[in-house]
Amino acid sequence: MALTITYLGHSAFTLDDGRHSVVIDPFLTGNPTASVEPDAVRADAVILTHAHEDHVGDTVAIAKKNDAPVIACHEIALWAEKQGCDATGANPGGRVTTDWGWVAFTQAFHSSSYEGVAMGVACGVVVHLGGTTVYHCGDTGLFSDMKLIGEIYRPQVACVPIGDAYTMGPELASKAAEWIGAPVAIPMHYKTFPILAQDASGFAPKGVEVRELAPGESYESKG
C-alpha cells in the first residue's frame, strides 16, 4: 500500500493511504507558504508536535470539521478538549494505537507554549499509516538519540527541520538525517519567515535521498 505525503508548507503535512488521512502541525491560516485552506483538509486525526502557534495553527477548526481527534502531548490534549475537540494525550516514549495505525511520540529539544503559556513538552512524532512509517522530527536541535529513534522505529521517511534559528540549520539537520537513517528525508520549517533559512542546498545528508517539496507537492512512499 502506498502512502502519499503532501507538504502543506512550514512544518505541516498530510499523510494519506487512500482510506485514511492524518494532518500534522496544520499551520495554514497566516502561513505565507500554505498550499491549501483549512476547509480543504480531510483528516482522521490532527497530530501536534508542540504548542507553538506556527504548529497548532488551524487544529481546532480542522478537528471539528472532520470530527477528528487531536493527538498530542497531555497538556495540549487537555487544551484541545477545552476548545471542544476530542483529544488523546500521550508523552515521549508512549504510543497511541488507532484503527488506521499508530502514533508514537519522541523527545525533541525545543520549547512548547501557546499564547505565552507553557504547554507540556515539545515532541517529535512517529506515524505508521498505510504500511509506511514517517518520523516527523518536530522543532528540535540535534541530539544523538536520533540514532536510537531510527533503530527502534526504522522510518522510511524523515521530515527534518532545517531553517536554523529556532531549530537545526541545514548542516546539523544533515547529520540528523544520517543518524535517523531513513532512506528519504524531506526538509521542513524553512522559507516561511525571513529569520529562517531560505535555501535547502546545504541539506545534504550522506546516503540519504533528499526530497525537497514545494508547498502542495507530494512524495509517494511504497512502504
Exercise. From the residues in segment 190-223 that are in a loop (DSSP other than H, G, I, E, B), in contact with a Phe, Trp or Tyr (Cβ under 9 Å, 6 or more places away or on another chain) and among the aliphatic types (A, V, I, L, M), which one is farthest from SER144 (Cα to Cα)?
Worked result: ALA214
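Closer than 22 Å to CYS123 by Cα and not charged (D, E, K, R): which single residue out of GLY202, GLY163, GLY216, GLY207 fits that description? Please lay out each step first, then the result.
Numbers: GLY202 fails: closer than 22 Å to CYS123 by Cα; GLY216 fails: closer than 22 Å to CYS123 by Cα; GLY207 fails: closer than 22 Å to CYS123 by Cα.
After applying the criteria, what remains is GLY163.
Here are some residues: MET119, MET168. Which one is of a type outside the set (Val, Ile, Thr) and in contact with a Leu (Cβ under 7 Å, 6 or more places away or on another chain)?
The unique qualifying residue is MET168.
Among the candidates THR49, THR88, THR33, which residue alone is under 18 Å from TYR135 (Cα atoms) and among the hydroxyl-bearing types (Ser, Thr, Tyr)? Show your work before the answer.
Details: THR88 fails: under 18 Å from TYR135 (Cα atoms); THR33 fails: under 18 Å from TYR135 (Cα atoms).
Result of the check over THR49, THR88, THR33: THR49.
Identify, please: which residue in segment 137-151 is part of a loop (DSSP other than H, G, I, E, B) and not small (Gly, Ala, Ser) and is, among those, farthest from ARG95 (Cα to Cα)?
Initial filter on segment 137-151 (part of a loop (DSSP other than H, G, I, E, B)): 137-145.
Pick out the ones that are also not small (Gly, Ala, Ser) and you get 137, 139-140, 142-143, 145.
Working: CYS137: 16, ASP139: 19, THR140: 20, LEU142: 23, PHE143: 21, ASP145: 18 Å.
Filtering segment 137-151 for residues that are part of a loop (DSSP other than H, G, I, E, B) and not small (Gly, Ala, Ser), the one farthest from ARG95 (Cα to Cα) comes out as LEU142.
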For this session: For PRO187, work out the one condition from (1) assigned to a loop (DSSP other than H, G, I, E, B); (2) under 23 Å from ALA214 (Cβ atoms); (3) free of Cβ contacts under 8 Å to residues at least 60 places away in the same chain; (4) within 15 Å of the chain's Cα centre (by Cα) it doesn't fulfil.
Result: (1)
Problem set entry | strands (runs of 3 or more DSSP E) wholly inside segment 9-84 containing at least 2 residues that are under 14 Å from HIS189 (Cα atoms) | 12-16
Exercise. If you check every pair at least six apart or on different chains, which have Cβ atoms under 7 Å apart with a residue in segment 29-42 that is farther than 21 Å from ALA68 by Cα first and a residue that is in a loop (DSSP other than H, G, I, E, B) and among the β-branched types (Val, Ile, Thr) second?
Worked result: ASN31/THR192; PRO32/THR192; THR33/THR192
Exercise. Scanning segment 162-184 for residues that are assigned to a loop (DSSP other than H, G, I, E, B) and in contact with a strand residue (DSSP E or B) (Cβ under 7 Å, 6 or more places away or on another chain), which turns out farthest from HIS55 (Cα to Cα)?
Worked result: PRO183
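Go through segment 89-111 and give me each residue that's buried (at least 17 other Cβ atoms within 10 Å of the Cβ) and assigned to a strand (DSSP E or B). Can you show your working first?
Of the residues in segment 89-111, the ones buried (at least 17 other Cβ atoms within 10 Å of the Cβ) are 89-90, 96, 98, 100-101, 103-108, 110.
Within segment 89-111, GLY89, ALA90, VAL96, GLY101, VAL103, ALA104, PHE105, THR106, GLN107 meet the criteria.
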For this session: Any chance you could count how many residues in segment 120-171 are closer than 18 Å to LEU213 by Cα, touching a residue at least 40 places away in the same chain (Cβ under 8 Å) and either surrounded by fewer than 22 Cβ atoms within 10 Å (Cβ to Cβ) or in contact with a Lys or Arg (Cβ under 6 Å, 6 or more places away or on another chain) (or both)?
Result: 1
Seminar exercise, completed: GLY131 meets each of (1) farther than 20 Å from VAL96 by Cα; (2) over 14 Å from the mean Cα position of the chain (by Cα); (3) of a type in the set (Gly, Ala, Ser) with one exception, condition (1)
Seminar exercise, completed: The correct count of residues that are surrounded by 14 or more Cβ atoms within 10 Å (Cβ to Cβ) and either aromatic (Phe, Trp, Tyr) or more than 18 Å from the chain's Cα centre (by Cα) (or both) in segment 205-222 is 3
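Looking at ASP25, ASP44, ASP17, which one is out of contact with any Leu (no Cβ under 7 Å at 6 or more places or on another chain) and within 23 Å of GLU220 (Cβ to Cβ)?
Numbers: ASP25 fails: out of contact with any Leu (no Cβ under 7 Å at 6 or more places or on another chain); ASP17 fails: out of contact with any Leu (no Cβ under 7 Å at 6 or more places or on another chain).
It is ASP44.
FYI, it's all coordinate maths here, none of it is from the lab. Just so we're clear, the structure is a prediction, and the values are computed from it rather than from any experiment. Cβ coordinates were reconstructed from backbone atoms using ideal geometry, including for glycine residues, and neighbour counts include every protein chain displayed.
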